[in-house]
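Everything below concerns the one structure shown next.
Rule-based calculations on the coordinates, nothing more; no lab input. Please read all numbers here as calculations on a predicted model, not as lab measurements. Heads up, the Cβs are rebuilt from the backbone with ideal geometry, glycines too, and the neighbour counts pull from every protein chain shown.
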Amino acid sequence: MRVIVPLQGVVQGRGGLVLGSVIPCALFYFLRLYLKRNRASPASPSSPSSSDLLLPRTHSRTLLSPRASPALLSSRATSISKAPDSPYYAGRKTALRDPYHPLSNPHGVLDLGLAQNKLSLDLIEEWVVENGRDSIVGGGGGGGELSIEGIATYQPFDGLLSFKVALAGFMSEVMGRSVSFNPSQMVLTAGASAAIEILSFCLADSGNAFLVPSPYYPGFDRDIKLRSGVEIIPVTCRSTDNFNLSISALDQAFNQAKKKGLKVRGVLISNPSNPVGSILSRDMLYSLLDFAQEKNIHIICDEIFAGSIHGDEEFVSMGEVLDSADFDRDRVHIVYGLSKDLSLPGFRVGVIYSFNENVLAVAKKMARFTSISVPTQHFLISMLSDTKFIQEYIKTNKVRLRKMYTDFVSALKKLGIRCTKSSGGFYCWADMSGLIRSYSEKGELELFDKLLNVAKINVTPGSACHCIEFGWFRCCFTTLTEKDIPVVIERIQKVIETYKS
Amino acid sequence: MKFLSRKATCNSHGQDSSYFLGWQEYEKNAYDEITNPSGIIQMGLAENQLSFDLLESWMANNPDAAGFKRNGQSIFRELALFQDYHGLPEFKNALVQFMSQIRGNKVTFDPSKLVLTAGATSASETLIFCLANPGEAFLLPTPYYPGFDRDLKWRTEVEIVPIHCSSSNNFIVTKSALEDAYQRAHKRNLKVKGVVITNPSNPLGTTSTRQELDLLLDFVQDKNIHLISDEIYSGTHFNSSPNKFISVAQVLKDRNLDDNSELSKRVHILYSLSKDLGLPGFRVGALYSNDDTVVSAATKMSSFGLISSQTQYLLSCMLSDQKFTTHYIVENQKRLKNRYDIIVSGLRNAGIGVLPSDAGLFCYVDMRHLLSSNTFEAEMELWKKILYQVKLNISPGAACHCTEPGWFRVCFANMSEDTLSLALQRIKDFVDSTKRGDETRGASGSSRYSSRSVMSLTKKWVLRLSSNGHEPER
């Protein structure tokens, strides 16, 4: 910014004078702005004084690259820790801090945001009390010598064969015995989230995409995108269709993706769906298979709620369709787990069931990053092999689910809140659009906030599930007892009244 | 197979290396004292089976722990529903206490900085996901655990650049080796994000010296990168001298560095109960970091590999029993030392030396003098002979990226003492017969068959047959 450049400009006489002074000034201004900004945002509280000392040395490398540690971390780490929690996670946190209890904490938060089934845990607990001793930790049954070697040492990372056999039997039982599963087509993982993640790694490259009908389970954003870098393209479903999936919507989404240069590698469907709770008809499953074949993509079918049907409709597994008809099986992969149907999310049991040998081979190797604890596998083998208990459990659980669903939905109806018809899952999909002040995401989140912090009810807003329409909320009823329903209704009533006034 | 992803079809899972090949051969013809006494003895698996009896007796005396009970009351429901990725607090508290005990109580760990994962494999991969983007690199001293090629590189798409270490100074990491590796990475246009050490080392069994740790800390500070210390074998150090095993946590503490200092935040520790407690089947791993962002990101990523709540509870009971853990640590170390002494003297008897070490479930054996030439081809040839003829599965140095051919990792804690003795006998016989073979070749001079050489060859063949076992070979 000395005289040299402007002089040059005068000599050349082409507006060089102006450019000659303006450009260096501009550069200097931006450099100052950049430095100011970086000094103002130290991500670590360490040694602020030393960075001041270094300031005079304008070309120091330490100045130009921020000293704070986030610069040293991966972009995944910085984005996941900086990103604000979606209401799905935020609501859960609040509920965990102040959980409702009818006696000890009657003003606590009623958590209708976590799809956990507490309705039939007593049955499982009873079984554990009666049979648990012998099934635990490799005990040779009935006071026999405890041998830890069988459970302590390295076992196949993708699960014990005997556990796969037991799981295959359970899956068949839970789906009405209309389909059978082959244990050698299974890879077990520590939870269904890991199963979805492994399939993302196997079936798509970073930057490719899966089509996912929306609204969808908020956890998919993490399971699919976080580490494998696969994108999700939501396929819009609307209330006018009861949020049912249509092939034309899939097709439209596929074409739009293509235009944007995104390569679609597969479709992820949940059946029964989450958050709506609807089940796919046999015809729709056929159409999906045709669609996948036509576009040469994969189908991942998340059937984790298959054993939690409370409606009258018959559940048809993708496995059953493939058994009965002649489709290209290499592109079909089913995900299952014990977190929902058997209410054991703490034990971390997920299943990848695939018809594709290559996928199975790779998934098996990836299972080492997410193996199920062997003592847990042994424990569950005993439980799942008790066919009489399992059959009783499935039957009773369905009855209880149905009752709770019916009671809860009709109670909401009395408040003027309509729910979409659903046949499975632990939740109902409620239309509270009449209660939101402005028909927008903002309006919906305002209601969510009121429900959470004033009414002390945690529900999941539709925007967290990527629903294109506003005002819809997922309300789980399986953590409630009969007595809790009036409490929930009363609290929602209060919120409705404040809106009306 | 364009239908699947690149990761699915590439080879970076490293599963085709000899490390895994030996395993496969073993599975086909596994040694059993009674049913298959001439089978292959597994000496390539770093598993600790020496102290199962201690664990069994604890569990027999504490049935509540495995029975989902706390003070006689059933807590099954609580455990069945527990899926919080922050981990069971009582387990984390017990685990950090145990980690501290193993380090002679010279350092303490904060449970809120610990992230639980299903096994160390998951912990190391998760940590890399948090520290590096695809295409970036980590420096690792050679030789290193073959599994790192898969765990650190495969799904993360991160590169490993080896830091060459040599037997001339017992494979200790030097400043020049570090700088050389850094430059090599730079030449390959790779951005180095950190150094990964395993302390105690796998496959060497040695513990890092204080100078080494100081050197590494200075290096990472200077280059503005991370240091990952995989301390999965920290409880297996068996040298009676108390300060032989030094954790990097201790060195940081001795520098009077606050946990919030820049350097402390760049040091991350990996741990697991698979080696120290001999419970690999339980799938218990952990990563420890002073960097909040790393802990927060890793915690969320741990959703993909949480430890079963049943296991967390069981182990929280066991590890909070300080009387038991103290006794276990001491007894386990005694037994490891005993095994180490047996194998070292057995090998010495066969004229084979080992790298002096004081930890781990294996020793690093020097078989350079048995190679037909100083090449990795010769090492592979020797490895195959040992696998197929001597019927021992050991791990060749090449699988561990060792720069010098002729070194092998031999495990000693995953079998009974009798089996170990048998293995040592087989090695001795092999070495003896090789020597005799050499002598015979030397005596006969030219390649012409003389009747005397035929006789000695026959004698050698007969001797070999009789020493290989009681059953005819399959």
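For the Cα atoms of chain B, what angle does the longest principal axis make with the long axis of helix B:18-28, in degrees from 0 to 90, nearest 10?
Its long axis makes an angle of about 70 degrees.
So, in nm, how far is label A:ASP312 from label A:LEU96 when the simple model puts each one 7 Å beyond its Cα toward the Cβ?
4.1
Tell me which chymotrypsin sites (Phe, Trp or Tyr not before Pro) from region B:189-238 have a DSSP coil assignment and no more than 15 other beta carbons within 10 Å of their own.
Answer by residue number: there is no such site.
Among A:PHE369, B:PRO111, A:LEU27, pick out the residue whose Cα is farthest towards the positive end of the charge dipole of the protein assembly as shown, where Lys and Arg carry +1 and Asp and Glu carry -1 on C-beta, about the Cα centre.
A:LEU27
For A:LYS414, list the aspartates and glutamates whose Cα falls under 19 Å from its own Cα; do not include residues on the same chain fewer than 8 positions away.
Filter leaves A:ASP431, A:GLU482, A:ASP484, A:GLU490, A:GLU497.
According to the square roots a ≥ b ≥ c of the eigenvalues of the Cα gyration tensor, what is the shape class of region A:423-475, taking rounded for a/c under 1.5, prolate for a/b larger than b/c otherwise, and oblate for the remainder?
Verdict is oblate for region A:423-475.
Using mean Cβ contacts within 10 Å as the protection proxy, how do B:131-142, A:403-414, B:93-104 order, highest first? Walk me through the intermediate numbers first.
Numbers: B:131-142: 22.2, A:403-414: 16.5, B:93-104: 19.9.
Result, highest mean Cβ count within 10 Å first: B:131-142, B:93-104, A:403-414.
Looking at the square roots a ≥ b ≥ c of the eigenvalues of the Cα gyration tensor of region A:283-358, which shape do they give, rounded for a/c under 1.5, prolate if a/b is larger than b/c, or oblate?
oblate
Semi-axes, largest first, in whole Å: what does sqrt of 5 times each Cα gyration tensor eigenvalue give for region B:187-307?
So the equivalent ellipsoid measures 22, 21, 15 Å along its semi-axes.
All other residues with a Cβ under 14 Å from the Cβ of A:ALA83 taken together, and with Lys, Arg as +1 and Asp, Glu as -1, what is their net charge?
Charge balance in the 14 Å sphere: +3.
Please compute the length gained on full extension between A:GLU441 and A:SER147, using 0.36 nm multiplied by the number of residues separating them and subtracting their Cα-Cα distance.
Gain on stretching A:GLU441 to A:SER147: 100.1 nm.
Tally Lys/Arg at +1 and Asp/Glu at -1 over every other residue whose Cβ is under 14 Å from the Cβ of B:THR174; what's the total?
-4
What is the diffusion coefficient of region B:82-176 in µm²/s, taking the Kirkwood radius over Cα pairs and the Stokes-Einstein relation at 20 °C with a viscosity of 1.002 mPa s?
135
Please report the orientation-averaged projected area of region B:123-272, defined via the convex hull of its C-alpha atoms, in nm².
Over every viewing direction, the Cα hull of region B:123-272 projects on average to 8.7 nm².
From zero outward in steps of 10 Å, how is the percent of C-alpha pairs of the protein assembly as shown spread across the bins?
2, 10, 18, 21, 19, 14, 8, 4, 2, 1, 0, 0
Through the Karplus equation 6.51 cos²θ - 1.76 cosθ + 1.60, θ set to phi - 60°, convert the phi angles of region A:449-462 into ³J(HN,Hα) values in whole Hz; use x for Gly and Pro.
Residue by residue, region A:449-462 yields 5, 4, 4, 6, 8, 9, 7, 6, 10, 9, 10, 9, x, x Hz.
What is the Rg over Rh value, at two decimals, for region A:198-317, using alpha-carbon atoms and the Kirkwood definition of Rh?
Expressed as Rg/Rh, it is 0.95.
As I understand it, the value is the acute angle between the Cα axis of helix B:120-131 and the longest principal axis of the Cα atoms of chain B; what does it come to in degrees, rounded to 10?
60
Can you tell me the dipole magnitude for chain B around its Cα centre, using point charges on the Cβ only (Lys, Arg +1; Asp, Glu -1), in Debye to the nearest 20?
Dipole magnitude for chain B comes out near 980 debye.
Enumerate by residue number the trypsin sites (Lys or Arg not before Pro) in region B:118-196 meeting two conditions: DSSP loop (anything except H, G, I, E, B), and at most 16 other Cβ atoms within 10 Å of the site's Cβ. Show your work: numbers first, answer last.
Numbers: sites: B:ARG150, B:LYS153, B:ARG155, B:LYS175, B:ARG184, B:LYS187, B:ARG188, B:LYS191, B:LYS193; in loops: B:LYS153, B:ARG155, B:ARG188, B:LYS191.
Sparse-neighbourhood loop trypsin sites (Lys or Arg not before Pro): B:ARG188, B:LYS191.
Using alpha carbons only, what's the Rg to Rh ratio of chain B with Rh from Kirkwood?
Ratio of gyration radius to Kirkwood radius for chain B: 1.00.
When Rg is the radius of gyration of the Cα atoms in region B:28-127 and Rh is its Kirkwood radius, what does Rg/Rh come to?
On the Cα set of region B:28-127, Rg over Rh gives 1.08.
Kindly provide the helix-only [θ] at 222 nm of chain B, computed as the sum of -39,500 (n - 2.57) over DSSP H runs of four or more divided by all residues, to the nearest 500 deg cm²/dmol?
So the calculated ellipticity at 222 nm is -13500 deg cm²/dmol.
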